[in-house]
Structure formats: C-alpha cells, structure tokens
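Since the structure comes first, as structure tokens, the remarks are kept for the end.
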Amino acid sequence: MIKKPIITAAEAAALVKSGDVVQVGGFINCGSPDSVIAAIVARGAQAPRELTLVCNDSGLHDEAKGKFTSIAPLIKAKLARKIIASHIGTNPETQRQMNSGETEVLLVPQGTLAERVRAAGAGLGGILTPTGLGTEVEIGKQKLTVGSKVYLLEEPLPGDVALVKARKGDKAGNLQYAKTARNFNPLMATACKLVIAEVEELVEIGQIDPDQVHTPSIFVDYLVITGAAT
C-alpha cells in the first residue's frame, strides 16, 4: 500500500487556492480540521480569497471569549465569497456579513446538504427530496413527480478541496473518525478533487482494523498531524 505525503498545516494551507470550493468537515466544534484552518488564516496577505465554503455550519464565533471554531476564523478573516451551510445561528459575524451583503450565504436543509455532497462523491446526477417544498428552498428548482409524490431535484455539490479531520489515520491515508466527528467528513472526502486529512494520531499501515476504516486511503491525498503548523 502506497504511503501518502505527510505535510505540515502550513503546507496544506498553501494547496488551497483563491476561488476554490472548499468543503470543511465538522459540526460546530466537533470534527473540524482546526490546525489547517488556522494555517490558512495565518498566511495573511497570501491567504486564498474568494472561497466558497461548504460546511454544516459556520462555526462558533464568540468575540468575548476569543473562541472561534470550525470555519469561523476563515469568515472573520473575510476569506469567503460564499458560504453554503445548514445554519449560521452560532456565528453572528456570518449573519452580519450576510445582512451587509459582504458575503453570500446559501442556507440548505441539513439532510439535503449531506445528500448533495454524497451525490457528488457517488457520481449521481442529483437527489430527490420533499424537503423544502412550499418554501423559498424550492425557488428555481425542478420538481418531479414519482408515483403520487412531488419532489425537488437537488443537484450534486462537488468541491475542489476537502479539509477533513480524523481521530486516527495510517500512513496510507486510511481514516477513522471518533463518534460524532463522523459527520460530514466521510462524505466530503469522496466529493472533492483534493483531500487533505488532518489526523490526531498517525499510525503505521495495518494498525487500523480494516473493518474500522471509515474513509479508505484511495480518497486521501495528503495527511497533516494535528498541531503540525510549521
């Protein structure tokens, strides 16, 4: 089994280009690749801009406590042109940028968001869902009737770069997520052209039970060990 390159968070950050569609795993502060996100922001003037960020939420933004999780640091640094997420309630800065017109925000029902990402990874032409019928969600979308039921056709959502976070990874790039951190990470790892996996623990090939591999190595391009910023 071929070993994958092990790079620093700073090197990973340099692989993200301005204008990229970047899918970021995690749910609020669980399962997000914080070291890579911090390294992107740390690039300062060289940081990629005009990003389209795809994630479950826009993270936690708490100025008083100085706490910023998930993609919140990217939003605070104004690196995003567009955010596609299921909710932004824990990030007042996202709300401010949306209301001021600084950043475009597309809110997508959580299940629909997950299925659109999954459809991209599976090579599907889209998914049918009743979620959003009769609401603003259906505007501009095709409706299909199957039997007696009406569905919205939701298109796949692929990305240029996936930033995922795993509890454990081996040197071939097989990944294992811990509990609820197994959220959007496995889906996003299949849906993007380039996959960078931040792992808390790196082990030798064969030290992860094959039956416990959540993302197979074939989907992973680079590995970053949590905290390896430079």
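Given LYS82, LYS78, which one is surrounded by fewer than 19 Cβ atoms within 10 Å (Cβ to Cβ) and part of a loop (DSSP other than H, G, I, E, B)?
Of the residues listed, the single one that is surrounded by fewer than 19 Cβ atoms within 10 Å (Cβ to Cβ) and part of a loop (DSSP other than H, G, I, E, B) is LYS78.
Does the range 216-230 hold any residues that are over 13 Å from PRO33 (Cβ atoms) and not in a loop (DSSP other than H, G, I, E, B), and which are they?
SER217, ILE218, PHE219
Let's see how each residue does on (1) more than 14 Å from GLY159 (Cβ to Cβ); (2) touching a residue at least 40 places away in the same chain (Cβ under 8 Å):
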{"site": "GLY66", "(1), (2)": "yes, no"}
{"site": "PRO92", "(1), (2)": "yes, no"}
{"site": "GLN95", "(1), (2)": "yes, no"}
{"site": "GLU104", "(1), (2)": "yes, no"}
{"site": "PRO109", "(1), (2)": "yes, no"}
{"site": "THR112", "(1), (2)": "yes, yes"}
{"site": "ARG118", "(1), (2)": "no, yes"}
{"site": "LEU124", "(1), (2)": "yes, no"}
{"site": "ILE127", "(1), (2)": "yes, no"}
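In the range 162-207, what residues are in contact with a Cys (Cβ under 6 Å, 6 or more places away or on another chain) and within 26 Å of GLY125 (Cβ to Cβ)?
Result: ALA162, single match.
How many residues are at positive phi and either surrounded by fewer than 24 Cβ atoms within 10 Å (Cβ to Cβ) or without any contact (Cβ under 8 Å) to a residue 24 or more places away in the chain (or both) if we restrict to the range 166-212? Talk me through it step by step, then tell me what you get.
Quick first cut of the range 166-212, residues at positive phi only: 173, 179, 206.
Narrowing the set further to residues that are either surrounded by fewer than 24 Cβ atoms within 10 Å (Cβ to Cβ) or without any contact (Cβ under 8 Å) to a residue 24 or more places away in the chain (or both) leaves 179, 206.
Final tally of qualifying residues: 2.
Tell me whether the range 27-36 contains one or more residues that are modelled with pLDDT under 95, in contact with a strand residue (DSSP E or B) (Cβ under 7 Å, 6 or more places away or on another chain), of a type in the set (Val, Ile, Thr) and at positive phi.
yes
Tell me which of these ALA38 doesn't satisfy, since it passes every other one: (1) in contact (Cβ under 8 Å) with a residue 60 or more places away in the chain; (2) not in a helix (DSSP H, G or I).
(2)
Which residues, taken from the range 103-142, are of a type in the set (D, E, K, R), surrounded by 12 or more Cβ atoms within 10 Å (Cβ to Cβ) and either farther than 20 Å from VAL54 by Cβ or more than 19 Å from the chain's Cα centre (by Cα) (or both)?
Selection gives GLU138, LYS141.
When you scan the range 204-215, do you find a residue that is among the hydroxyl-bearing types (Ser, Thr, Tyr), at pLDDT 95 or above, under 18 Å from the mean Cα position of the chain (by Cα) and not in a strand (DSSP E or B), even just one?
No, every residue in the range 204-215 fails to be among the hydroxyl-bearing types (Ser, Thr, Tyr), at pLDDT 95 or above, under 18 Å from the mean Cα position of the chain (by Cα) and not in a strand (DSSP E or B).
Can LEU113 be described as at pLDDT 95 or above, over 30 Å from LYS67 (Cα atoms) and not β-branched (Val, Ile, Thr)?
no
So how many residues does the range 143-169 have that are assigned to a strand (DSSP E or B), under 30 Å from ALA197 (Cβ atoms) and either more than 13 Å from the chain's Cα centre (by Cα) or modelled with pLDDT under 95 (or both)?
4
The values are calculated or read from the model by the stated rules, or taken from the named source; none is laboratory data. Keep in mind the model is a prediction, meaning the values are calculated, not measured. Heads up, the Cβs are rebuilt from the backbone with ideal geometry, glycines too, and the neighbour counts pull from every protein chain shown.
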